[in-house]
Amino acid sequence: MFIRILFSILALTLSLVSPTFSLAAHKDQCGGHVAAHDMSHGGAHQTHAGAAAGKVYAATGKVVLADKATGALTLYHEPVPALNWPAMTMPFGVEDASLLDGLKKDDPVRFDFRIEGQKPVVVDIEKRNP
């Protein structure tokens, strides 16, 4: 478990430095094919490109980083079965910076997002009761 957390932190840090790191690292783990976010390797791989254009997905999790000035949003999210994503911490784009109003580290949230190109973009987010 500690190794998984450590790898997630390392991957997040490096993805902020190099946007191609996370897919390149996962390509190595998957034996040469790219399957974004499917660490289980037990079933069909779902890539961002394979996600339905414009489809909105719902998830729950908590805020790791929310910076309205830069538009940066990093969330820990529970598994997203529709995309075959395990629980993880990852950066998200935001459709509108005002979505970040009032969010702070460790706030539990429910959010909706869609895939734009290769990036998940939050279109709605709300705090949940702890």
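Every read-out reported here was derived from the displayed coordinates using simple, explicitly stated rules and does not represent laboratory data. What you see is a predicted model; the values in this text were computed from it and never measured. Virtual Cβ from ideal backbone geometry, glycine too; neighbours counted across all protein chains shown.
Each of residue 69 and residue 82 was given a label point 7 Å from its Cα along the Cα-to-Cβ line. The distance between the two points is 3.5 nm.
Solvent-free Debye calculation, one equal scatterer per alpha-carbon of region 65-130: log10 I(q)/I(0) at 0.16 Å⁻¹ equals -0.50. Neighbour counting of Cβ atoms within 10 Å sorts the residues 125, 115, fewest neighbours leading, into 115, 125.
Using 1/(1 + (r/R0)^6) with R0 = 25 angstrom and r between the beta carbons of residue 97 and residue 55, what's the FRET efficiency to the nearest 0.05? Efficiency for this residue pair is about 0.60.
Between the amide H of residue 93 and those of 121, 122, distances stay under 5 Å, these residues lying 5 or more places away or on another chain, with hydrogens modeled in the peptide plane.
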